[in-house]
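Report on one structure; see the data block that follows.
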Amino acid sequence: MSIGKGLVRSCLGAMALFVLQASVPAFAGDDAHGVAVDDALAKWKTAGHSRPIVETHIHFWQVTRPGGVPWPTPAEGPIFRDVLPAEYKAVARPNGVVTAGIVEASGIVEDNQWILDLVRNDRFFSFFIGNLEIGAPTFAHDLARFARDPRFVGIRGYLTGPAEGITLSPAQLSNLRDLARRGMTLDIISRGTKNPKDQVQALCTAVPDLRIIIDHLGGAKGPPPVDPTWELEIRRLADVCPNLNMKFSSFYDMYAPGDVVFPSPTELAAYKAHFDVLMSAFGHDRMIWGSNWPVITLHGTFEAQIAIAEEYLARFGTAVRDKVMFRNALMFYRRHVPNGHGH
């Protein structure tokens, strides 16, 4: 089953994109979907959005609901509060965001359904990356259940669990291959001691049909000069893993010492050297923008982060800018099975 083409068709009347059942067979592949994406981009521009943006990384939670949330905690200060869709839309729309994908921050299985219900009638939020523990006994059942909703395009894994991380055990491999068979995606963090680059490489080579994206600049740390070990690992990953993408997101993390209040730089010069490594390693077809809102508000503003991205991409021309800020997201975050054997 392919749910790709519908992601970018029938979107402009309501000024939002919405994942629909596709009329194009899965084996039609990227070409047909790419035409639909390009058509949507052209229509947004004709409608007056000169630089439309597809958001790929935001979080919602409600700390005041019964039972609260596992994260954030009071230690995260200003973001330990209810963070809900209306607040995000108020900042995103004036800054060019035309549709957004939500990434689940909680490792509680039923919180996936809470998010899907929260935005069920709001087509501005067109896709959802859930959170399931790879290798858990209930993974296959949970994935099959959530996959019934076409907005559920993939998961974020190896974050809240399992404690042993990436082992590629039989159970983990079975779950990863299940994701791939369904044409779903995998978001993963790789920074510091969390999911080291060699383990990510082992994962992406073991399941070559799985579309994977490393979040938040692949753990880049400023200031320049670039750490040579990090650069070597990034370039090796990009070369060895054609199924791996890089999320051009959460810039402020390069300078912030964790999820605490800390003002990060807002000038491009503070980030450019690391951006250059990522762009030259992954190329403009595998870089995908996202904000990491509201976590970034601990370190800077939504508007400033977009300004940094737009200033950096301007040197590459409009076509590259539109890929990173719009097109690549819609090519990646969709349910698409190349061999047409999806569930």
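Given the chain, what percent of its DSSP beta bridges are antiparallel, to the nearest 5?
5 percent
Among the lysines, which fall within straight-line cross-link reach of LYS272, defined as a Cα-Cα distance under 18 Å, with same-chain neighbours fewer than 8 residues apart omitted?
Here the lysines satisfying the reach criterion relative to LYS272 are LYS221, LYS247.
Given an 8 Å cut-off on Cα distances and at least 6 residues of separation, report the relative contact order of the chain as a percent.
22 percent
At a Förster radius of 25 Å, what calculated FRET efficiency corresponds to the Cβ-Cβ distance of LYS272 and LYS194, to the nearest 0.05?
0.50
Among PHE326, PHE251, PHE316, which comes first, second and so on when ranked by fewest other beta-carbon atoms within 10 Å?
Fewest to most other Cβ atoms nearby, the residues stand as PHE316, PHE326, PHE251.
Ranked highest first by the average count of other Cβ atoms within 10 Å around their residues, in what order do 133-146, 154-167 fall?
154-167, 133-146
Say each of VAL240 and ALA90 gets a label point 7 Å from the Cα, pointing the same way as Cα to Cβ; how far apart are those two points in nm?
4.7 nm
Kirkwood hydrodynamic radius for region 234-343: how many Å is it when counted over pairs of different Cα atoms?
Taking the inverse mean of 1/r over all distinct Cα pairs, region 234-343 comes out at 15.1 Å.
Taking the square root of 5 times each eigenvalue of the Cα gyration tensor, what semi-axes in Å does the equivalent ellipsoid of region 138-263 have, largest first?
They are 27, 17, 13 Å, listed from largest to smallest.
Would you mind ranking TYR271, TYR88 so that the residue whose beta carbon has the fewest other beta carbons within 10 Å leads the list?
The fewest-first ordering by Cβ neighbours comes to TYR88, TYR271.
In nm, what is the difference between 0.36 nm times the number of residues separating ALA202 and ALA319 and their Cα-Cα distance?
Contour length minus the Cα-Cα distance gives 38.8 nm.
I'd like to verify something in the chain: which complete DSSP H helices, judged by Cα projection on the helix axis, reach 27 Å or more and average at least 0.0 on the Kyte-Doolittle scale?
none
Report the per residue volume, in Å³, of the convex hull enclosing the C-alpha atoms of region 52-332.
It comes to 121 Å³ per residue, whole-number rounded.
Since every read-out is calculated from the coordinates, none of them should be taken as a lab result. Everything quoted here is computed from the prediction, not taken from an experiment. Neighbour counts are summed over all protein chains in view; Cβ atoms, including those assigned to glycine, are modelled from backbone coordinates with ideal geometry.
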